[in-house]
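First up is the structure itself, then whatever we jot down about it.
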Amino acid sequence: MPIDLEKHKREYKKWVEESLPDYRAGKLAEIVQKYPLIVSDDVPWTPYRGQPSEQSFAMVTSGGLYLKDSQPPFDTVSIHGDPSIREIPKTVRQEEIDIAHAHYDHSLAEQDINIIFPIQRLIELEKERFIGRLTDTHYSFSYVNNVMPLVTVTVPKLISRLKDDGVDVLLLVPV
């Protein structure tokens, strides 16, 4: 069964209307339980094929990472979340990154960003030739409640960028 985005749009609008007072009061546990999840019976599964040493890898995290000196933080105030993405270069250093995500404890990631964005481990795998190539650009999302712009605008743009970069394997690092 394909995903009915129009149905979700209606259910989401109702959820926002009913949940906004609790959201503003900080009662997240209550509203999360009422969130209209998108459920699909036919999510495509693609088994892994190929040799990692011959393939190109990229990474996406939902950790809310951004480059603190050159990118705006994600919107962490809106009930809708922020459907945008941030490009994170392969050469990034821990001190160049900040986190804009209101729904998890950042303390361990602030000590070692590899917990939520294992870029150094992937660079090591590339140097050891376990993986063929690590792309120069990786990506971060933050939390998103309003998935419509994410699914209809942001993800198609991301897929296009990944194809342009020749990515064979995309590692998803959920936070």
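The values are calculated or read from the model by the stated rules, or taken from the named source; none is laboratory data. Keep in mind that this is a model prediction, so the values were computed, not measured. Don't worry about glycine lacking a Cβ; one is built from the backbone with ideal geometry, like all the others, and counts go over all protein chains shown.
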(Q) Out of the residues in the stretch 52-73 meeting the condition of being in contact (Cβ under 8 Å) with a residue 60 or more places away in the chain and assigned to a loop (DSSP other than H, G, I, E, B), tell me which one is surrounded by the fewest Cβ atoms within 10 Å (Cβ to Cβ). (A) Q55
Q) What's the number of the condition R133 fails, among (1) touching a helix residue (DSSP H, G or I) at 6+ places or on another chain (Cβ under 8 Å); (2) surrounded by fewer than 16 Cβ atoms within 10 Å (Cβ to Cβ); (3) of a type in the set (K, R)? A) (2)
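Can you tell me which of I38, I31, I88 is in contact (Cβ under 8 Å) with a residue 60 or more places away in the chain and among the β-branched types (V, I, T)?
Going through I38, I31, I88 in turn, the sole match is I38.
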Q: Being in contact (Cβ under 8 Å) with a residue 12 or more places away in the chain, part of a loop (DSSP other than H, G, I, E, B) and of a type in the set (S, T, Y) narrows it down to one of T76, T46, so name that one.
A: T76
**Q.** Cβ-Cβ under 7 Å pairs, at least 6 apart or on other chains, the stretch 157-168 side outside any loop (DSSP other than H, G, I, E, B), far side surrounded by 12 or more Cβ atoms within 10 Å (Cβ to Cβ) and of a type in the set (A, V, I, L, M)
**A.** L158/I85; L162/A58; L162/L170
Q. Do you know which residues across the stretch 80-108 are at pLDDT below 95 and among the hydrophobic types (A, V, I, L, M, F, W, C)?
A. A102
Q | Filter result (of a type in the set (F, W, Y) and at pLDDT below 90) within the stretch 21-68 | A | W45, Y48
